[in-house]
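Notes follow the structure.
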Amino acid sequence: MQKCDHCGLSYDENVLIKDGDFKEIKYFCCKGCQGVYHLLKNEGLEGFYDRRGKTSIEPPKTLLDDAKKFDLEGFRDKYVREKDGFCEVSLIISGIHCAACVWLNEKILYKMEGVIEVNISQANNKAKIVWDPEFASLSNIIEAIRSIGYNAYPYDSKLQETYANAQRRDYYAKLAFGIFAVMNIMWIAIAQYYGYFFGIEKNAKSVLIFAEFLLATPTLFFTGSVFFKSAYYGLKNGFVTMDLLIASGSSLTYAYSLYVMFSGIGEPYFDSVTMIITFVFAGKFLEVLMKKRAVDTLDSISSMLPTEVLLVDGGEKKFVSVESIKKGDLIELKAGEKVVIDGICISGEGSFDEASLSGESIPVLKSKGSKIISGTICLDSVILYQAKTKAKDSTVSKIAALLEDAMNKKPHIEQLANQISRKFSTTVLSIAFITLFAWWYVSGFSEALIIAISVIVIACPCALGLATPVSTLVGLGVAAKKGVLFKETKFLESLAKCDVLVLDKTGTITLGKPEVVKMDKFEEFDENILYSLAKSSSHPVSMGIVRYLESFKTNLKEVELANIKVLEAKGIEANFKGLRIIGGNDRLLKEYGFECEESSATNYWFAIGSKICAHFILKDIPRSDAKNAITAIKELGIRVIMLTGDNKNAAHETAELTGIKEFHASLLPQQKAEFVENLRANGKKVVMAGDGINDALALAKSDIAISIGSGTDIAVNVSDIVLMSDSLNALAKAFLISKKTYRTVKQNIAFSIIYNATTIPLAVSGFVIPLIAALSMSISSLVVVANALRIKSRE
């Protein structure tokens, strides 16, 4: 028999293809293997075969289906995300079972022109791929993956649920057999112990031992197959894992018991083999279920959305797929239906449940002109609304993408825990061997072997490895339910360590909708000029002037202005028929030589030429929950500072109403950024929360940047955490969740270290039998996962 030089499968030499293009003759089972071998050699990727070792792989498929379907518009609309001119997709790559497979796929994709980023998880075979559509297409990427013997299909949470259910059924079957074996072997063990104390015939004892052998063997190799498989792939790639400890401990016990059964010397431990495997597998199964509960929260955000919507086209209504909806299409929404695509209400009025996004349980009334947000539920009416995005660009799709990216990034503390756990297993095996030889010298081989097995089984790097990822997954899920989106899991850790919160005033602490409370008119002027000037800015103060003018003037119209300049944190300047017109705060007017008085509110002055024509006083009241939220944050030991471009009197009034002791007024955007930089230079960990363009510089300079729900796109893009609601309670919840999550992570790591530091010496000293060791190890993993899930119960 001769092995194929690519896939490693054995065939009769006569049926293989002989290739003489290399120094030595190569043999291939098919043209596909031959083509892949030449491809890897030409690309300099022959290192794959060293990494693959002796493992055989599946030969490449000659034809699966037409890869061009991945470039179709319907597929792109559903699965491909576009950002900054690049395309991004999440794929499941089938056929991956080891680190060498991951290495090969990443290498072959990075070799392609246009591929920017490839990130493949060996844990779930999920790949995140970013490419430049000008140089590559998704079909090219799929074909490259297929060319080396793998296949890929789009990641879909619904399909993943089907896979998870199949895996769960497999676990159920293995666990059920293990429990059956344990229950029966316990009765046999009772009979053996009775015979040990009161006597038993040799033939009867042999029958009982053989019965235990019949139960232990399938338990070890069927129920325990998951440990052997994981241990094999770990060793093949140079990793010593927890599964290797379980597999080696139970195998040594089984081998020793076989020796006892055939020699009749000593006592067998088939019951310990059965119980070790079953108890550890039961722990692993519960661990999988608990981890899935944590991930389900994240998947449920996108998986529960309907796949069809009711399109209104002229006088005709028809159900169409969400991917076919274009910007401008009219969609009818009925009571109880969930919104899939963002839009604007055209007709109808009804209440919407936005709890899944903002965490707020009170329904929000929507009417004509209101924003309809995907992920929310229409409660009590029929609404007609106009689509403003495609399905893949909707709010809920962006949230799912943010959470998906967050799960792929590891916080620093998790990376540290993973480094420790990787070395831990090797250390435990070394201790076990030393223990074996030491006790063998003192008490003989039989007792030494059992004690060494106890050392191997009781050690739990798994608890250390689970300490951070499960906690952060739960933290991400809880935060998402409360309307807080962390762009990366590491920001959970970073936020928990911050000690200063810097808040913007307008639109963050206040509602961001200043209303005119007083107007002084000094000169007659055309209100249309002021209306046009104010409308040329999106600043909340300018919008307040617009609303005020519209409230008592019905025939306002915009006039043509020239040389419009928006002056940051000051106001606006323009020209109208040769005259300079300005509108803004005290600082702007003083720069132009005007005399004006400050008040305790926000001032807006309007001047044409050399004359001040009008003065407006506006008030922007704090959010209703601002004081309680800021108090809650301060109780966590966070120093709260307010920064604003507004005048000192207005800032002082807002600070008094919200309980803020430290504030700085009349700041330009650059000055806000410098203030944040100075705090960081003095060793402070700074969080900056804002909502507007004026905050973007300061947000970028902070350790953690937070934007609130109504924030501008720039603020959201530079932020690390996004609050889906305008409520400052969400900000307090973000701090609370991050601190609870980080505290839980530290508790889990401390527990794991204390557990191993206590139990391993006990096992080495001979005080722990393998059965108790197996129970202890399983319980330690469950304690870590259960403690992580307490983050949910405490919210």
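The values are calculated or read from the model by the stated rules, or taken from the named source; none is laboratory data. Everything numeric here is computed off the predicted structure, so don't read it as measured data. A quick note on method: Cβ atoms are made from the backbone with ideal geometry, for glycine too, and the neighbour counts reach across all protein chains shown. In case anyone asks, the SASA skips ligands and DNA or RNA and just uses the protein heavy atoms, side chains included. Shrake-Rupley method; radii C 1.70, N 1.55, O 1.52, S 1.80 Å.
Within the set ALA601, ALA651, ALA614, ALA629, the sole residue that is under 33 Å from the mean Cα position of the chain (by Cα) and in contact (Cβ under 8 Å) with a residue 60 or more places away in the chain turns out to be ALA629.
For region 305-353, filtered to residues that are part of a loop (DSSP other than H, G, I, E, B) and within 12 Å of SER374 (Cα to Cα), the residue that is most open to solvent (accessible area, probe 1.4 Å) is GLU337. Filtering ALA651, ALA626 for residues that are of a type in the set (Gly, Ala, Ser), modelled with pLDDT of 90 or more, within 27 Å of ILE545 (Cα to Cα) and surrounded by 18 or more Cβ atoms within 10 Å (Cβ to Cβ) leaves a single hit, ALA626. If you go through region 220-261 and pick out every residue that is basic (Lys, Arg) and modelled with pLDDT under 75, you end up with 1.
Matching residues to (1) in a helix (DSSP H, G or I); (2) modelled with pLDDT of 90 or more; (3) open to solvent by 20 Å² or more (accessible area, probe 1.4 Å); (4) charged (D, E, K, R):
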residue	(1), (2), (3), (4)
LEU492	yes, no, no, no
LEU495	yes, yes, no, no
ASP520	no, yes, yes, yes
PHE525	no, yes, yes, no
LEU530	yes, yes, no, no
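Say we look at region 543-581 and pick out the residues that are within 42 Å of the chain's Cα centre (by Cα) and over 11 Å from LEU533 (Cα atoms); which of these is least open to solvent (accessible area, probe 1.4 Å)? Checked region 543-581; the qualifying residue least open to solvent (accessible area, probe 1.4 Å) is GLY544. May I ask you to verify whether VAL566 is modelled with pLDDT under 90, closer than 30 Å to SER702 by Cα, hydrophobic (A, V, I, L, M, F, W, C) and part of a strand (DSSP E or B)? For VAL566, the condition - modelled with pLDDT under 90, closer than 30 Å to SER702 by Cα, hydrophobic (A, V, I, L, M, F, W, C) and part of a strand (DSSP E or B) - is met. Among the residues that make up region 743-754, is at least one of them surrounded by fewer than 20 Cβ atoms within 10 Å (Cβ to Cβ) and under 20 Å from VAL280 (Cβ atoms)? Yes: one or more hits. When ALA211, ALA216 are screened for being modelled with pLDDT of 75 or more, open to solvent by less than 40 Å² (accessible area, probe 1.4 Å) and in contact with a Phe, Trp or Tyr (Cβ under 6 Å, 6 or more places away or on another chain), only ALA216 passes.
Considering the conditions (1) open to solvent by less than 40 Å² (accessible area, probe 1.4 Å); (2) part of a loop (DSSP other than H, G, I, E, B); (3) touching a Leu at 6+ places or on another chain (Cβ under 9 Å), GLU595 is excluded by exactly one of them, (1). Number of residues in region 673-686 that are open to solvent by less than 10 Å² (accessible area, probe 1.4 Å) and touching an Asp or Glu at 6+ places or on another chain (Cβ under 7 Å) equals 1.
Total residues in region 634-648 satisfying the condition of being surrounded by fewer than 22 Cβ atoms within 10 Å (Cβ to Cβ), in a strand (DSSP E or B) and not β-branched (Val, Ile, Thr): the figure is 1.
For region 149-158, the count of residues that are closer than 30 Å to PRO306 by Cβ, assigned to a helix (DSSP H, G or I), at pLDDT below 85 and not basic (Lys, Arg) is nonzero.
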